[in-house]
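Taking it in order: structure first as structure tokens, then the write-up.
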Amino acid sequence: QVQLVESGGGLVQAGGSLRLSCAASGFTFSQHAMGWFRQAPGMEREFVARILSNGIRYHVDSVKGRFTISRDNGENTVYLQMNSLKSEDTAVYYCNSIAGTTWTTARFDSWGQGTQVTVFS
């Protein structure tokens, strides 16, 4: 079955950096667009970034220029490099395969445990 295991979160000062990883299994990773989502306390989960199977990337405006999504098909892993972190980036971060007509929707109903990112000033 599909498994998504996120890691790399932590507590970081504003302006700092973190690199998140998501190890995927149970599907043909290289054929899937992959994405990162985040959920802040009391908020809905939101789409953050995606990378297509051909490597084309998209980031939402709030993280553009600060976050970079990448993938390693040999390792079935998707990454999120986060630089210049802000307090508003504090959230639990999740990965999932991407689907939907707008390419901002999670494909799988099952989610990993997520990884907590906390940015303090």
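The values are calculated or read from the model by the stated rules, or taken from the named source; none is laboratory data. Keep in mind that this is a model prediction, so the values were computed, not measured. A quick note on method: Cβ atoms are made from the backbone with ideal geometry, for glycine too, and the neighbour counts reach across all protein chains shown. Areas reflect the complete protein model, heavy atoms only, side chains present, ligands, DNA and RNA absent. Shrake-Rupley method; radii C 1.70, N 1.55, O 1.52, S 1.80 Å.
Assorted remarks:
- When ARG19 is tested against the conditions (1) in contact with a Gly (Cβ under 7 Å, 6 or more places away or on another chain); (2) open to solvent by 50 Å² or more (accessible area, probe 1.4 Å); (3) under 14 Å from TRP111 (Cα atoms), the lone failure is (3).
- Residues of the range 1-16 satisfying the condition of being farther than 9 Å from VAL119 by Cα, buried (at least 16 other Cβ atoms within 10 Å of the Cβ) and of a type in the set (A, V, I, L, M): LEU4
- Cross-chain or 6+ apart pairs with Cβ under 6 Å, the range 96-117 first and over 22 Å from MET82 (Cβ atoms) and of a type in the set (D, E, K, R), then at pLDDT below 95 and surrounded by 11 or more Cβ atoms within 10 Å (Cβ to Cβ): ARG107/ALA99
- For the range 1-39, filtering for residues that are assigned to a loop (DSSP other than H, G, I, E, B) and within 17 Å of PHE67 (Cβ to Cβ) leaves 7.
- The listed residue being loosely packed, with under 13 Cβ neighbours inside 10 Å, within 18 Å of GLN1 (Cα to Cα) and small (Gly, Ala, Ser), out of SER25, SER97: SER25
- Close contacts from the range 1-13, counting a first residue that is under 21 Å from PHE120 (Cβ atoms) and a second that is outside any strand (DSSP E or B) and at pLDDT below 95, with Cβ to Cβ under 9 Å and a gap of 6+ residues or different chains, come to GLN13/SER121.
- THR118 passes every criterion in (1) farther than 16 Å from ALA49 by Cα; (2) open to solvent by less than 60 Å² (accessible area, probe 1.4 Å); (3) at pLDDT below 95 apart from (3).
- Residue ID - most open to solvent (accessible area, probe 1.4 Å), chosen from residues in the range 28-39 that are touching a residue at least 12 places away in the same chain (Cβ under 8 Å) and polar (S, T, N, Q): GLN31
- Restricting the range 61-78 to residues that are among the hydroxyl-bearing types (Ser, Thr, Tyr) and open to solvent by 40 Å² or more (accessible area, probe 1.4 Å), the residue that is nearest to LEU20 (Cα to Cα): THR68
- VAL92 vs. criteria open to solvent by 20 Å² or more (accessible area, probe 1.4 Å), touching a strand residue (DSSP E or B) at 6+ places or on another chain (Cβ under 7 Å), in contact (Cβ under 8 Å) with a residue 24 or more places away in the chain and within 21 Å of ALA40 (Cβ to Cβ): yes
- Residue in the range 40-60 that is open to solvent by less than 60 Å² (accessible area, probe 1.4 Å), out of contact with any strand residue (DSSP E or B) (no Cβ under 7 Å at 6 or more places or on another chain) and outside any loop (DSSP other than H, G, I, E, B) present: no
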